[in-house]
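See below for the structure under consideration.
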Amino acid sequence: MMSPALFSVLALLGTPTPAPVTLGAQAGQTATLHVDLALRDTLLSREAPNLLTLQTPWGQLQTRPSGTAHRDPAYAGYFGQVRPMTLKVKVPAQVRAGRYAAQLTADLFVCDTADKLCTRRTLKLPVQLQVGKVARPGTLTLKDEHLRPARLRRGLTGN
C-alpha cells in the first residue's frame, strides 16, 4: 500500500470536469450541496488527508470523505464505498436576490487501478448560488474520468 507521501503531484491537463452545479436558496435559509464520488476504477485513500472545501461569499465549509474499507485486503488502505457528502451553507438574511459565485475544491488522493498510477488530485469546481424564492439543492458527482490523470505524452515519458 502506498503512503500519502508517495503520491505524485501532477499538473494534469485535458481531464474532463463535471458540469457546474447551481444551488437555490432563499435569503436567511440554507443552500445544500451533495457530493457523490461514483468511482469504479479509481481508489480513494482512507489514510490520506482528503478534503472538500466549499468557498462561498459568506465563508467556507469543509468535509472529509468517509465510508467503508475496501473488501480486498490488498486494498485495505482504500475506500470500498464512499458515503455521499453534504455541505450546507447558511445564506445570510440580508443577502439580495441574485446569483453568487462559489467554488468547491476537492483535494483527493487517488489511485487509478487501470493505469497503476497514484496521484494527488486537486479539482477546483465552480458552484453557483441562486438566492431567490426557490430552494433547490444541487448534486455534484465526481466519476473516474474526473479524477484520472490525463495520459502523459510520449515525449514526456521518454518512451
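Each value in this text was obtained by applying a stated rule to the coordinates, not by laboratory testing. The shown structure was predicted, so the numbers you read here are calculated from the model rather than taken from an experiment. FYI the Cβ positions are ideal-geometry reconstructions off the backbone, even for glycines, and counts take in every protein chain you see.
Couple of notes before you dig in:
- Positive-pole candidate from Leu61, Tyr100, Ala114, dipole of the stretch 54-119, charges at beta carbon: Tyr100
- Spacing of the two label points (7 Å from each Cα toward its C-beta) at Lys124 and Arg136, in nm: 2.7
- Projecting label points 7 angstrom from Cα along Cα→Cβ for Ser66 and Ala27 puts them 3.6 nm apart.
- Cα extents of the stretch 88-138 along the three principal axes, largest first (Å): 50, 16, 16
- Within-12-Å neighbourhood charge of Gln128 [Cβ basis; K, R +1; D, E -1]: +2
- Annotation: peptides 121-134, 38-51, ranked by per-residue average of other Cβ atoms within 10 Å with the highest first, follow the order 38-51, 121-134.
- With Rh defined as the Kirkwood radius, the inverse of the mean 1/r over Cα pairs, the Rg/Rh of the stretch 27-95 is 1.13.
- Counted charge near Thr56, where neighbours are those whose Cβ lies closer than 13 Å (Asp, Glu -1; Lys, Arg +1): +3
- Between the beta carbons of Glu145 and Gln81, assuming R0 = 25 Å, the FRET efficiency works out to 0.85 to the nearest 0.05.
- Using R0 = 41 Å, the C-beta based FRET efficiency linking Leu117 and Trp58 works out to 0.60.
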